[in-house]
Amino acid sequence: MSIAPAATAVTETVDAAAAAAASASARIAEEMSGVGGALTMSIIAFSVVFLVLGGLSGVIYAIKYMAQGLERKKNEPPAGNATAGNAAATAPVVVAPAAQGGADGRLMAVLAAAVAAAGIGGRITGVTVAGGSRARPARAAGWRSASLAEGIQSLSRDWK
């Protein structure tokens, strides 16, 4: 018995497979040359990029909705555990009835909603307009001057 014929058959099979792969590779390279090949490759590349970006945005939205669900679950009070401290924290904010009406009523509603959202147990009895205008306060002028001076000091004078 001779081992040589079996080794030769395996070598011929490998050589035939390599030759077939080389011819297929040459055929693909020939088809992908020129403007048509470049256009095909760019379409494939753009498709892959946009599919990956779409998948990433899907993952981001999924994480967003999972976080909202976990936040809702975390903020729900446990069933049957109403304590005195918890009842005081969820007490409704009362708005003085004399201040309601017109634009002031909307302002009071917004303020009451803000207080309720903050979880502060309290009562808004009235709103007064603060004195002054909407211009910058006088004390902000010092900070503005300091920032300008610091910005001027950091300028380089390479042009001298």
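Between amide H atoms placed 1.01 Å from N, distances below 5 Å from Ile124 occur with Val94, Ala96, all of them 5 or more places distant or on a separate chain. Footprinting exposure proxy ranking of Lys74, Lys64, fewest other C-beta atoms within 10 angstrom first, gives Lys74, Lys64. For the pair Val14 and Ala113 in one chain, pulling the backbone fully straight at 0.36 nm per residue adds 27.8 nm over the alpha carbon distance.
All of the numbers you see were taken from the coordinates with simple rules; none came from a lab. For clarity, every value in this text was computed on a predicted model and none was experimentally measured. Neighbour counts run over all protein chains shown; Cβ positions are idealised from the backbone, glycine included.
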